[in-house]
Every structure is written in C-alpha cells, then in structure tokens.
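Q: Here it is: the structure, laid out below.
The values are calculated or read from the model by the stated rules, or taken from the named source; none is laboratory data. The shown structure was predicted, so the numbers you read here are calculated from the model rather than taken from an experiment. As a convention, Cβ positions derive from the backbone with ideal geometry for all residues, glycine included, and neighbour counts pool all protein chains shown.
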Amino acid sequence: MMRTKLTGVKFAAIILLLAVTGNVLAAGYQMLPEAYIANESAAISLNQDALKATPLSSTLRMKKNDGSLSGGVYWDFDAYTIRDYNYLKLRDLACMLDRTPKYFSIDWDGKSNVIALTSGKSYQRIGGELIGKGKEVKQTSSSTAKIMLDGVELDVNGYNIDGNNYYRLRDIAQAMSFYISWDPELGIIVDPYSEYALE
C-alpha cells in the first residue's frame, strides 16, 4: 500500500482549504434555513388565508315575481366569503327558493356521502335553516360530499364550516339556472324568475 508523505506546505494548504470550505458551508447553512422558513411561512400563511371564511358583508335580497325586491335585510343567515366568492348552505338556499320556479328538495345519503338535489320538488325543513349563528371568521376545510342534481353529479367545490357544507352561490345558480347579480347599494340579488347569465 502506497502512502503519500505530506510536506508542511501541503498540509498547511489542505488545512486552509478545509477552513475556507467549512466557512462557506457554514454560511450557506445559516442562509438556507432562514430562506426556507420564510418561504414555508408564506406558504402556510397563504394556505390559511385560502381556507379562511369571512362572514358575508353584503345584504342578500331576492326578487319577487313582480320584479320587486324583498324588503330590508330579510335573508340574514350564515353565509361566507371564501377566496373572494360567496358561499351559502344548500338548505338555506332551498328555503329561499321555496315557492318560486326554482324550488328544489335536498336528500342526504350518509353512507354514500351524497347530497341529492331534486328540482321541482318541495323542500322539507329539518330545523336550523335561515338562522345566523355568529359573525366571526371561521376556518374551513374542503367538503368531500358529492352533489347530485336530478341524478347528475355537479362539478362544484364545497367547504365544511362547523359541520355544515357550504357551496358557491354562483355555481348553484348556474346549475339550477337562476339569475344572480350584485348592486353596490342593494348587495347580492337572487332572481329565480330569470335564467342564469354571466355578467
């Protein structure tokens, strides 16, 4: 086995190289965690913001068949803004649309995790509809339930808040074809006597 004899100069050069390399690695080690933590914190913050449900600030009104609006803040129940979109509970919406051309029923299949909507069928209340439970900001999680409308699955995203599923108002309006609009003074207007249209 051949052995290499190190002279004093070579030995000193190796020690110097190791010292320089160690300083560079140490500097890099000190920089990487800080950058990583900053990026990770930003990602966590973004994720939390995305899953934050803010109580709906707009008034929700519904048009009558003569074109007039239901007066005052009549529809005052739990509704939230998530990722800049408005989300409502289906059961509250079913109560709103009762006795209009867009009325529908809701059936829940816990075994299949399916919410079945049937258009043209009266909604049977189970209690707790159209009741506000607070105005605080809520944390949400994605809903895993499937929604079927007249036997056809809807491609919509929902969120679970305090054990209740909330869905984007515009998605349901499009699926059931009723008109919604927003007025800076009147707020959100639901018109079940007009067909859905993009603004």
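Q: Any idea which of ASN160, ASN165 is among the polar types (S, T, N, Q), in a strand (DSSP E or B) and closer than 29 Å to LEU69 by Cα?
A: So the residue among ASN160, ASN165 that is among the polar types (S, T, N, Q), in a strand (DSSP E or B) and closer than 29 Å to LEU69 by Cα is ASN165.
Q: Evaluate the range 171-178: report whether one residue or more is modelled with pLDDT of 95 or more and in a loop (DSSP other than H, G, I, E, B).
A: Yes, the conditions are met somewhere in the range 171-178.
Q: Where residues in the range 122-140 are loosely packed, with under 14 Cβ neighbours inside 10 Å and touching a Phe, Trp or Tyr at 6+ places or on another chain (Cβ under 7 Å), which of them is nearest to THR81 (Cα to Cα)? Steps first, answer last, please.
A: Let us first name the residues in the range 122-140 that are loosely packed, with under 14 Cβ neighbours inside 10 Å, namely 122, 124-128, 131-137, 139.
Next, only the ones that are touching a Phe, Trp or Tyr at 6+ places or on another chain (Cβ under 7 Å) stay: 122, 131-132.
Details: SER122: 28, ILE131: 17, GLY132: 15 Å.
Among those that are loosely packed, with under 14 Cβ neighbours inside 10 Å and touching a Phe, Trp or Tyr at 6+ places or on another chain (Cβ under 7 Å), it is GLY132.
Q: Scan the range 109-131 and tell me whether some residue there is small (Gly, Ala, Ser), within 23 Å of LEU51 (Cα to Cα) and in a loop (DSSP other than H, G, I, E, B).
A: No: the range 109-131 contains no residue that is small (Gly, Ala, Ser), within 23 Å of LEU51 (Cα to Cα) and in a loop (DSSP other than H, G, I, E, B).
Q: Among the candidates THR144, THR100, which residue alone is surrounded by 13 or more Cβ atoms within 10 Å (Cβ to Cβ), of a type in the set (Ser, Thr, Tyr) and in a loop (DSSP other than H, G, I, E, B)?
A: Working: THR144 fails: surrounded by 13 or more Cβ atoms within 10 Å (Cβ to Cβ).
It is THR100.
Q: So which pairs qualify, if the first residue must be in the range 133-154 and under 18 Å from ARG170 (Cα atoms) and not assigned by TED's automatic domain parsing to the domain that holds SER105, the second must be in a strand (DSSP E or B) and among the β-branched types (Val, Ile, Thr), the Cβ gap must be under 8 Å, and the two must be at least 6 apart or on different chains?
A: As it stands, the answer is none, since no pair meets every condition given.
Q: For the range 71-97, which positions are at pLDDT below 90 and among the β-branched types (Val, Ile, Thr)?
A: VAL73
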